[in-house]
Amino acid sequence: MKSVFVTVGTTSFDELISCVTSEDVIQALRELGYGRLVLQIGRGAVEPAPYSSAEFTLEVFRYKDSITEEIRTADLVISHAGAGSCLETLGAGTPLLVVVNEQLMNNHQLELARQLHRDGHLYYCSCRTLSDTLKTMDLSALNPFLPGQTEKFATFLDKAVGLQ
């Protein structure tokens, strides 16, 4: 059974959790062959009820000491655009779809997502376009994020947040 792991990191991104558990997005995931959705909801107020049926399973947790196993075993990670979450997912070689939080001011996350998309490493969207992006993206077209590119990533991040 193909699985999707959704992470918001240590933050709160209720809009993403609400969006990814909407009927439209669940249907899109099912049509793509995903039968398991695991949500890491952080400190958010939105906490969907877990459920399991023959066709689809939803699991929910706030935090774990490590989400490495969830990232490694997922067929797709849907994540906020936090640098740590992106780097860990790309480093694991798991396909990544970043959902940008449009509520953030001076949104460096959008800059990060755009650059990693330009380099062919991930897809990105907003909550409004998540369902359509799922239906149109081609995960086989993504370029691997090769080992040793962490310095390139760190340099880009430093520039994006104004440290260089």
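The values are calculated or read from the model by the stated rules, or taken from the named source; none is laboratory data. Just so you know, these numbers come straight off a predicted model, no measurement behind them. Here the Cβ is made from the backbone with ideal geometry for all residues, glycine too, and neighbour counts use every protein chain on show. Protein only, heavy atoms only, side chains kept; ligands, DNA and RNA dropped before computing areas. Shrake-Rupley method; radii C 1.70, N 1.55, O 1.52, S 1.80 Å.
Do we find that Ala113 is in a loop (DSSP other than H, G, I, E, B) and open to solvent by less than 10 Å² (accessible area, probe 1.4 Å) in this structure? So that I can check it myself, show each step before the final result.
Values: in a loop (DSSP other than H, G, I, E, B): no; open to solvent by less than 10 Å² (accessible area, probe 1.4 Å): yes.
For Ala113, the condition - in a loop (DSSP other than H, G, I, E, B) and open to solvent by less than 10 Å² (accessible area, probe 1.4 Å) - is not met.
Residues that are surrounded by 16 or more Cβ atoms within 10 Å (Cβ to Cβ) and either on the phi > 0 side of the Ramachandran plot or without any contact (Cβ under 8 Å) to a residue 24 or more places away in the chain (or both) do not occur anywhere in the range 96-109. For the range 73-86, filtered to residues that are open to solvent by less than 50 Å² (accessible area, probe 1.4 Å) and in a helix (DSSP H, G or I), the residue that is farthest from Glu111 (Cα to Cα) is Ser85.
Here's the yes/no breakdown for (1) in contact with an Asp or Glu (Cβ under 9 Å, 6 or more places away or on another chain); (2) among the basic types (Lys, Arg); (3) under 16 Å from Pro144 (Cβ atoms):
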{"site": "Glu59", "(1), (2), (3)": "no, no, no"}
{"site": "Thr68", "(1), (2), (3)": "yes, no, no"}
{"site": "Arg72", "(1), (2), (3)": "no, yes, yes"}
{"site": "Leu76", "(1), (2), (3)": "no, no, yes"}
{"site": "Ala83", "(1), (2), (3)": "no, no, no"}
{"site": "Cys86", "(1), (2), (3)": "no, no, yes"}
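Output yes when any residue across the range 63-72 is closer than 14 Å to Leu130 by Cα and open to solvent by 20 Å² or more (accessible area, probe 1.4 Å), and no when none is. No, because not a single residue in the range 63-72 is closer than 14 Å to Leu130 by Cα and open to solvent by 20 Å² or more (accessible area, probe 1.4 Å).
Residue by residue, here is whether (1) among the aliphatic types (A, V, I, L, M); (2) surrounded by fewer than 16 Cβ atoms within 10 Å (Cβ to Cβ); (3) within 22 Å of Leu90 (Cβ to Cβ) holds:
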residue	(1), (2), (3)
Lys2	no, yes, yes
Gly9	no, no, yes
Val20	yes, no, yes
Ala45	yes, yes, no
Ala49	yes, yes, no
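Checked against (1) of a type outside the set (S, T, N, Q); (2) buried (at least 17 other Cβ atoms within 10 Å of the Cβ); (3) more than 20 Å from Tyr123 (Cβ to Cβ), Val38 passes all but condition (3). Pairs are defined by a Cβ separation below 7 Å, a sequence spacing of at least 6 or placement on different chains, a first member in the range 1-13 that is under 14 Å from Arg30 (Cα atoms) and modelled with pLDDT under 95, and a second member that is open to solvent by less than 10 Å² (accessible area, probe 1.4 Å) and not in a loop (DSSP other than H, G, I, E, B); the pairs so defined are Met1/Gly35.
Here Gly93 passes the criteria (1) within 15 Å of the chain's Cα centre (by Cα); (2) open to solvent by 40 Å² or more (accessible area, probe 1.4 Å); (3) modelled with pLDDT under 90 except the one numbered (3). Within the range 1-57, the set of residues being polar (S, T, N, Q), out of contact with any Asp or Glu (no Cβ under 9 Å at 6 or more places or on another chain) and more than 19 Å from Thr133 (Cα to Cα) comprises Thr10, Thr11, Ser12, Ser53, Thr57.
Do any strands (runs of 3 or more DSSP E) lying entirely in the range 1-68 carry at least 1 residues that are within 14 Å of the chain's Cα centre (by Cα), and which ones are they? Before the answer, list the steps.
Details: elements: 2-7, 34-40, 57-61.
The qualifying strands (runs of 3 or more DSSP E) are 2-7, 34-40.
When Val20, Val25 are checked against the criterion of being within 18 Å of Ser126 (Cβ to Cβ) and touching a Ser or Thr at 6+ places or on another chain (Cβ under 6 Å), a single residue qualifies: Val25.
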